[in-house]
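Trainee: There's a structure below that I have some questions on.
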Amino acid sequence: MKRRNLIKGMAAALPTLWLSRAMGNNIFEEQLLNEPIASGPFEPTWESLQKYQTPEWFRNAKFGIWAHWGPQCQPEAGDWYARGMYQEGSWQYKIHLQKYGHPSKFGFKDVINEWKAEKWDPEELVSLYKSAGAQYFMALANHHDNFDLYDSKYQNQWNATKVGPKKDLIGGWAKAARNNGLPFGVSVHASHAWRWYEVAQRSDKSGPYEGIPYDGKLSKADGKGKWWDGLDPQGLYAQNHPLSQGSLDDNFNSDQWDWGNGVYPPTNAYIEKFYNRTIELINKYNPDVVYFDDSQLPLWPVSDAGLRIAAHFYNKSIKEHGDLRVVLNGKKLNESQRKAMVWDIERGQANEIQPLPWQTDTCIGGWHYDRALYERDGYKSAKTIVQTLVDIVSKNGNLMLNIPVRGDGTIDEKERKIIEEIGRWMKANSESIYATRPWKAFGEGPAQEEAAKLSEQGFNEGKGKEFTYQDIRFAMKSDVVYATAMGWPEDGKLVIKSLAKTSEHFRREIQKIEWLPTRQSLSFERTENGLVVSLPERGADELTYANVIKIFS
């Protein structure tokens, strides 16, 4: 009792520190955490976090660009490389054998050491993204590979200032974003390393290396005389624990993303290390957005670490600015949880207007750079990106678009061409995107009638019917309605059924209609069947896949 009172007294003397409490075996433990925590109106509970209000800057921004870039881009062999390279017989395992050697001798820690980011120019890239219309920029702070891309005193051996590039990448991205006047975000994925890296405990089942363990269980003592002498591989791999149920199955059990269904429980030391790393990231780099690649919040529901991080993030904003200016993203949120943070849908979008702001995160290719996609022209087109953006905005959402970065820190010429084309469309039509709000209906047309069902996490993009000129999306600003047709009618006559003379959504008289790119007035007729608008003469450019008219009443 005396010990408990003493610690509570210390907490009262240090109001910026939370106390972490753990109950187990009838023993009450209290641990004073290391990172300073902001006090304020938000507490680390779902009920308290539901007082959150999405800031207007985010609601107005609509379009952000993401650099999902880390050491897994060095092999240029796609996403989840640090897992796939340990899965015997997989395509990434085969690439690893050919490029680096066997994972018992050359593991992912050694891939990190190869990564130098020697051509990285964050100022040039962020400036390019701003010219394409991005209103905020986000950078990967760590991935499931557990490697911090910033100067981290809690991941003090396995971070980008100590191994690999030996640069503070988050620091460089943050400076470039702010030099370009863009809000800056970070994405955090490392909570899952515990389960995700279990493949590194395996060994080959056949062949010359049969039964020889991969490097996932190596210790600091094993590094004597090697390049990593003095480094502890377990600081990266975190594999000093038994395997989870089903771990030997190559298909990751997505139900275990929620830390149930047979996951071997993470230790308190693992949880608190992740917590402190993330709090330090927020305190040191002051991000405007924190994106968690987690169901709800990191390590929920086996720990309250994510709730504590969220409360600090919100309270810090209020303490420093007097109001909430920050955004927290999470996935698979129920209706109550969507009040506590901004719902993110991975590689998909909602099928109707959402009552609260939300975000899609997607990519023009793979999450990590994949040279094979580049070589086979596998990127999404600017047309697909623009139409996706228009559709998302009509439903009260934002689009966060990843442009994969090569290991050396550059993007390829095909990506650059796509970005530049998006920029040309945005320059002519961004008024219909920025600072808009949903209209009474988000749209009309055959694509929505056959829209793919949204799964719990997302992943419905590209599964529906392709857009045509009959597919129209709406947005509004004050008393102006913007209508965007996802194609060009052959006769140049655009018919909008939702704006017919008898429309219950639009009872006012239409005074004028303009072609948004040039402000040219367009002739129109409003009939019982629809609003018929005569489009201007079609130009020779390639941007007629999303055609915006501005409707005044």
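Every number here is computed from the coordinates shown, using simple stated rules; none is lab data. Keep in mind the model is a prediction, meaning the values are calculated, not measured. Cβ atoms come from the backbone with ideal geometry, glycine included; neighbour counts cover every protein chain shown.
Trainee: Please list the non-local residues whose amide H lies under 5 Å from the amide H of ILE37, H modeled 1.01 Å from N, same-chain partners needing a gap of 5 or more.
Mentor: Under 5 Å from the amide H of ILE37 lie the amide H atoms of LEU17, TRP18, each far enough along the sequence or on another chain.
Trainee: Another question about this same structure. Across 5 Å bins from 0, what is the distribution of all Cα-Cα pair distances for the range 263-302, in whole percents?
Mentor: All Cα pairs, binned at 5 Å, distribute as 5, 19, 26, 27, 14, 6, 2 percent.
Trainee: As a footprinting exposure proxy, order LYS316, LYS109, LYS51 by other Cβ within 10 Å, with the fewest listed first.
Mentor: LYS51, LYS316, LYS109
Trainee: Compute for the range 479-525: radius of gyration divided by Kirkwood radius, i.e. Rg/Rh, restricted to C-alpha atoms, rounded to two decimals.
Mentor: Details: Rg = 11.4 Å, Rh = 12.2 Å.
Value, to two decimals: 0.94.
Trainee: Report, largest value first, the span of the C-alpha coordinates of the range 289-386 along each principal axis, in whole Å.
Mentor: 49, 29, 29
Trainee: Enter the angle in degrees (range 0 to 90, nearest 10) between the Cα long axis of helix 2-13 and the first principal axis of the Cα atoms of the chain, meaning the one along which they spread out most.
Mentor: 40
Trainee: Here's a follow-up. Each residue of the range 253-267 in turn: what ³J(HN,Hα) in whole Hz from Karplus with 6.51, -1.76, 1.60 and θ = phi - 60°, glycine and Pro shown as x?
Mentor: Couplings: 6, 4, 5, 7, 4, 8, 6, x, 6, x, 5, 5, x, x, 6 Hz.
Trainee: In 20 Å bins starting at zero, report the fraction of Cα pairs in the chain per bin as a rounded %.
Mentor: Histogramming the chain at 20 Å steps yields 20, 50, 25, 5, 0 percent.
Trainee: Going by amide H atoms built from the backbone, whose H comes under 5 Å of the H on TYR291, apart from near neighbours?
Mentor: Amide H neighbours of TYR291: VAL186, SER187, VAL188, ASN329.
Trainee: Beyond 22 Å, what percent of the Cα pairs of the range 443-552 remain? Don't skip to the end; give the middle numbers.
Mentor: Details: 2067 of 5995 pairs.
In whole percent, the share of Cα-Cα pairs in the range 443-552 beyond 22 Å is 34.
Trainee: What order do you get for LEU535, LEU236, LEU248 when you list them from fewest to most C-beta neighbours inside 10 Å? All intermediate terms of the calculation are to be shown ahead of the outcome.
Mentor: Values: LEU535 20, LEU236 29, LEU248 12.
Ranked by crowding around the Cβ, least crowded first: LEU248, LEU535, LEU236.
Trainee: On a straight-distance basis, which lysines could pair with LYS395 in a cross-link, Cα separation under 16 angstrom, same-chain partners fewer than 8 positions away excluded?
Mentor: LYS62, LYS440, LYS453, LYS477
Trainee: Per-residue HN-Hα couplings for the range 238-244, Karplus 6.51 cos²θ - 1.76 cosθ + 1.60 at θ = phi - 60°, whole Hz, x for Gly and Pro?
Mentor: Ordered by residue, 3J(HN,Hα) equals 6, 10, 7, 7, x, 6, 6 Hz.
Trainee: Enumerate the calculated ³J(HN,Hα) couplings along the range 361-371 in order (Karplus 6.51 cos²θ - 1.76 cosθ + 1.60, θ = phi - 60°), each rounded to whole Hz, writing x wherever the residue is Gly or Pro.
Mentor: 10, 8, 9, 6, x, x, 5, 9, 4, 10, 5
Trainee: Shifting gears a bit: Can you give me the long-range amide H partners of ALA77? Hydrogens built in the peptide plane at 1.01 Å from N, cutoff under 5 Å, separation of 5 or more residues or another chain.
Mentor: Those lying under 5 Å, H to H, from ALA77 are ARG371.
Trainee: Follow-up. Show me the trypsin sites (Lys or Arg not before Pro) within the range 479-520 that DSSP assigns to loop and that have at most 13 other Cβ atoms within 10 Å of their Cβ.
Mentor: Working: sites: LYS493, LYS497, LYS501, ARG507, ARG508, LYS512, ARG519; in loops: LYS501, ARG507, ARG508, ARG519.
Answer by residue number: ARG507, ARG508, ARG519.
Trainee: Which of the listed residues, GLN245, ILE271, ILE282, is farthest toward the dipole's positive end in the range 243-282, when Lys, Arg count +1 and Asp, Glu count -1 at the beta-carbon?
Mentor: The Cα lying farthest towards the positive end belongs to ILE282.
Trainee: Sorted from largest to smallest, which semi-axis lengths in Å does the alpha carbon gyration tensor of the range 65-173 give for its equivalent ellipsoid, taking the root of 5 times each eigenvalue? Mind dumping the intermediate values first?
Mentor: Working: eigenvalues 141, 56, 26 Å².
Each semi-axis is √(5λ); the values are 27, 17, 11 Å.
Trainee: Can you tell me which lysines have their Cα less than 23 Å from the Cα of LYS273? Leave out same-chain residues fewer than eight positions away.
Mentor: Cross-link targets: LYS8, LYS109, LYS153, LYS162, LYS166, LYS167, LYS217, LYS220, LYS284, LYS316, LYS331.
Trainee: From the C-alpha gyration tensor of the range 201-290, pull out the three semi-axes of the equivalent ellipsoid (sqrt of 5λ each), sorted largest to smallest, in whole Å. Kindly include the intermediate steps, with their values, before the conclusion.
Mentor: Values: eigenvalues 160, 99, 28 Å².
Semi-axis lengths for the range 201-290 are 28, 22, 12 Å.
Trainee: Treating only the Cβ of Lys, Arg, Asp and Glu as charged (+1, +1, -1, -1), what charge dipole size does the range 443-552 show about its Cα centre? Round to the nearest 20 debye. Spell out each step's value before the answer.
Mentor: Details: 15 positive and 18 negative charges, 86 e Å.
About 420 debye.
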